[in-house]
Every structure is written in structure tokens, then in C-alpha cells.
Amino acid sequence: MIRSPNIWDTPDVYELENLASDRAGVIDRAVAALHPLAGADLLDVGCGSGFHLPRFAERGARVVGVEPHLPLVRRAANRLRARGSRARVLAGDAEALPLSAGSVDVVHARWAYFFGAGCEPGLAELSRVVRPGGVACLVDNDATRSTFGAWFSRAYPAYDPVAVQRFWDRQGFTTEALTIEWTFDRREDLEAVVRIELPPGAADAVLAEHEGLGVDYAVALRWRRY
Ligand SMILES: C[S@@+](CC[C@H](N)C(=O)[O-])C[C@H]1O[C@@H](n2cnc3c(N)ncnc32)[C@H](O)[C@@H]1O
């Protein structure tokens, strides 16, 4: 499992990030365009605190989230209980999914950086669990475009988006360019979220130059049919 300081160390701030991210539902629409959700078996890999699980269940999918970090598994289970959601959450990781072969129609993995270079064992697991005709949708940020993309590439100069793209092309994934917005209700929430996503110096710099409550944010939706 790859440490995820943003959601592991500050899950309440990460919740603000999820609440601000893509209120218009651009990503959900793009996923649903690839496979109908109603009646589908949907797996959310690296589901964190389960933010996305109830929404997919409300759209008629049979939803299971898988997450390796146990405090987040508990948080997701509490969310589902509080919402009266039929979605389930299981402890596990992408490299050893606790699901049987051919049991999934739609895989969703959002901000799932464990799907990066060296993730072939996780991709093999997707091939095992997804039924023929199913689809895997990996939602990543796109550092080549948008205000957030510029912040990200300035903060992480070693990140090479060309190499990342080449990797996914080789794996047979199609990349769809989407643009979403972060829309916060309070400036202090935006600032707190920027501070969990960027190193301190980079966060200070972008917050000094960027006003307001919103940020445009480029997304790469990488998908593959099985
Ligand atoms: C940035 S968070 C995103 C959480 C969630 N997808 C969301 O959008 O709210 C990344 C998540 O991936 C989990 N993770 C890390 N390594 C993993 C692995 N090998 N397999 C599955 N999940 C993993 C982390 O524990 C964390 O919850």
C-alpha cells in the first residue's frame, strides 16, 4: 500500500476536498457513459473514507469499496451506516482484491496514485475481476493543463506527465481529457486543502497569487474495456 498523507493524516480536510471537487458531476457522467450503472457490480478501489460509494449505490449499482488503510475502512463503514447505504466496504488492496474472478462490471479508482508506474500487479487483478464487457475507469489529475495542473507541476517537478501517458498507452488504456472545478464555500477551506496537496513552500506561493473560492482542475480519465 502507498502512504496517502492527505487522507490518512487529515481525513476531515480531505472530506472538504471531496465536497468541493466536481460538484457538476463531470467525472460521474463520463464513467456512466462508458457503462450503465444501474444493475452493475461496481468496485471502487482505494475508496478511502468511502465518499463516492453511496452516490454510485443511489444510481442503482451494487457497490463494493476496497481500501487497505483500516482507519479509513472504519470511516467508510460508518459513512455507509449513517447514510443507510447498501454499498459495502472491504479491507484489501489493489494488488490482491478480495473479490472473485469475473465479478465486476465497472471499476472506479479516483485519485488512485497506486495505479502508476509499477502497478502491473494491480492491473492484473483488474483483468481477473472484471467481466468481459466490463470497464475500468482510473481518475487521475492531469498536470499538463489547468490552474491546478500548473500548481502540481510546479510543486512536483520530478513528475513526468509524458512518461505517465506513455505507460497508460502501453497498457491499452484510452485517456479522456476532462476539466472539473474545485468550488469551496469558504476561502479557509480552499487554503486548508491546498496545504494538504502541495508542499508548504508551493502552497504559500499559489495561495498568495490565487484569489477566490474556485480552481479549474484538469483530469485524465483513463479507461479500458475487458
Ligand atoms: C488520495 S486517496 C483517494 C481516496 C478516494 N478514492 C477518494 O476519492 O476519496 C488514495 C487512497 O488509496 C489508498 N491506497 C493506497 N495504496 C493502495 C493500494 N495499493 N491499493 C488500494 N488502495 C490503496 C489509500 O489508503 C487512500 O485511501
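The values are calculated or read from the model by the stated rules, or taken from the named source; none is laboratory data. Small disclaimer: the values here were computed from a predicted structure and weren't measured. Counting neighbours? That spans all protein chains shown, and the Cβs are built from the backbone with ideal geometry, glycine included. These area figures cover heavy atoms from the full protein model, side chains too; ligands, DNA and RNA do not enter into them. Shrake-Rupley method; radii C 1.70, N 1.55, O 1.52, S 1.80 Å.
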Taking into account only those residues within the range 96-121 that are at pLDDT 95 or above and closer than 13 Å to Arg222 by Cβ, which is farthest from the ligand (Cβ to nearest atom)? Val107
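Quick check on the range 78-115: of everything there that is part of a helix (DSSP H, G or I) and not charged (D, E, K, R), which residue is surrounded by the fewest Cβ atoms within 10 Å (Cβ to Cβ)?
Applying the first criterion (part of a helix (DSSP H, G or I)) to the range 78-115 yields 78-83.
Restricting the remaining residues to those that are not charged (D, E, K, R) gives 78, 80, 82.
Details: Asn78: 13, Leu80: 20, Ala82: 9.
Residue satisfying both the conditions and the ranking: Ala82.
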Do you know which of the residues in the range 116-142 that are assigned to a strand (DSSP E or B) and under 21 Å from Pro98 (Cβ atoms) is most open to solvent (accessible area, probe 1.4 Å)? Arg131
Can you tell me which condition Gly118 does not meet? The list is (1) within 17 Å of the chain's Cα centre (by Cα); (2) at positive phi, and all the others hold. (1)
Pairs needed: first member in the range 44-60, closer than 16 Å to Arg74 by Cβ; second member anywhere, among the β-branched types (Val, Ile, Thr); C-beta distance under 6 Å; at least 6 residues apart or different chains. Gly48/Ile7; Gly50/Val89; Leu53/Val63
For Arg75: the one exception among (1) open to solvent by 70 Å² or more (accessible area, probe 1.4 Å); (2) in contact with a Pro (Cβ under 6 Å, 6 or more places away or on another chain): (2)
Residue that is among the acidic types (Asp, Glu), farther than 20 Å from Glu176 by Cβ and modelled with pLDDT of 95 or more, where the choices are Asp28, Asp93, Asp44, Asp22: Asp93
Phe56, sole failed condition from (1) in a strand (DSSP E or B); (2) under 14 Å from the mean Cα position of the chain (by Cα): (1)
What's the total number of residues in the range 38-56 that are open to solvent by 10 Å² or more (accessible area, probe 1.4 Å) and more than 9 Å from the ligand (Cβ to nearest atom)? 4
I'd like the residue in the range 57-95 that is within 24 Å of Pro5 (Cα to Cα) and β-branched (Val, Ile, Thr) and, out of all such residues, is nearest to the ligand (Cβ to nearest atom). Val66
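One line per residue, one yes/no per condition, for (1) closer than 26 Å to Gly25 by Cα; (2) open to solvent by less than 10 Å² (accessible area, probe 1.4 Å); (3) in a loop (DSSP other than H, G, I, E, B); (4) modelled with pLDDT under 95:
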{"site": "Phe148", "(1), (2), (3), (4)": "yes, yes, no, no"}
{"site": "Ser153", "(1), (2), (3), (4)": "yes, no, no, no"}
{"site": "Ala177", "(1), (2), (3), (4)": "yes, no, no, no"}
{"site": "Glu188", "(1), (2), (3), (4)": "yes, no, no, no"}
{"site": "Gly201", "(1), (2), (3), (4)": "no, no, no, no"}
{"site": "Gly212", "(1), (2), (3), (4)": "yes, no, yes, no"}
{"site": "Arg224", "(1), (2), (3), (4)": "yes, no, no, no"}
